[in-house]
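Heads up, the thing below is written out as structure tokens.
The values are calculated or read from the model by the stated rules, or taken from the named source; none is laboratory data. Everything numeric here is computed off the predicted structure, so don't read it as measured data. Here the Cβ is made from the backbone with ideal geometry for all residues, glycine too, and neighbour counts use every protein chain on show. Side chains included, ligands, DNA and RNA excluded: accessible areas come from the protein's heavy atoms. Shrake-Rupley method; radii C 1.70, N 1.55, O 1.52, S 1.80 Å.
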Amino acid sequence: MIQLLFSLLAAEAALVVVLLFRTPARRLVLLAVDRSKRGRGPVMVRTVAATMLVVLGSSGYSIAKIRRREGEFAQLTPTDQVLASRHLLEASLMGYSLFLGLVIDRLHHYIRELRTMKKNMEAVTKQSRVLEEAKLGGAEEIQGYQKKIDSLKEQVQLLKHQSLAKAEELKTAETNALALRKQSEGLLTEYERLIAENEELRKKLQKVEHCLSNSDSKKNT
């Protein structure tokens, strides 16, 4: 029993040392522990731990019984001393074995948690890198659109200047047309006046000619 407990304790101590350091052997140990936690493995481990606890309690009870006997007889016999030492050694080995088993279980759990967190961190880092690249690409695209917008703004300003120049030219042309219209109206009025004067002069000329023709006819008669 003691040799078996020593072997178990040595194996557990070796597993703890392997799990503490990052070596190729740790992966094998993790795989072995993973397989032991699948199927009926947890039930077997709990059964063994419960058995060891029962044996540990029995050893403690035996040690307490021997100590009471020492109080009654004031001295232990060599056989009782050997039994007490044996039970104490067995109890110590089983206690250490249970403690190392708990340490192995927690180390395995934390290593798995650490690996999961590391994978999540890598995924988050990769996603953030992709987002940064997309952000940079979006910024470049926005800069291209901004350049196009600036170019369109310049074209709009140029068209505004051209439209203002055309409006000025149109205003000048309208002013000139208005002046020409007034001038043409004045010329038309003057033309009508001249026509009226010409008509009056022609009528007067006709009267004079008529008078002259009458006077000539009287002279001839």
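Select from the stretch 112-154 the residues that are polar (S, T, N, Q) and open to solvent by 100 Å² or more (accessible area, probe 1.4 Å) and write down the one among them that is modelled with the lowest pLDDT.
Here the answer is Gln143.
Which pairs turn up if I take residues in the stretch 9-27 that are farther than 14 Å from Tyr110 by Cβ and look for partners that are open to solvent by 60 Å² or more (accessible area, probe 1.4 Å) with beta carbon separation below 7 Å, at least 6 apart in sequence or on another chain?
Short answer, once both residue conditions are applied: Leu9/Tyr96.
Among all residue pairs at least 6 apart or on different chains, which show Cβ distances below 9 Å where the first residue, located in the stretch 35-52, is in a helix (DSSP H, G or I) and the second is aromatic (Phe, Trp, Tyr)?
Matching pairs, first to second residue: none at all.
Is there any pair with a first residue in the stretch 56-85 that is closer than 27 Å to Phe99 by Cβ and a second that is open to solvent by 80 Å² or more (accessible area, probe 1.4 Å) and modelled with pLDDT of 75 or more whose Cβ atoms are under 7 Å apart and which are 6 or more apart or on different chains, and what are they?
Ile63/Leu88
Go over the candidates Glu90, Glu72 one by one and state the one that is at pLDDT below 85, open to solvent by less than 40 Å² (accessible area, probe 1.4 Å) and not β-branched (Val, Ile, Thr).
After ruling out the rest, the residue left standing is Glu90.
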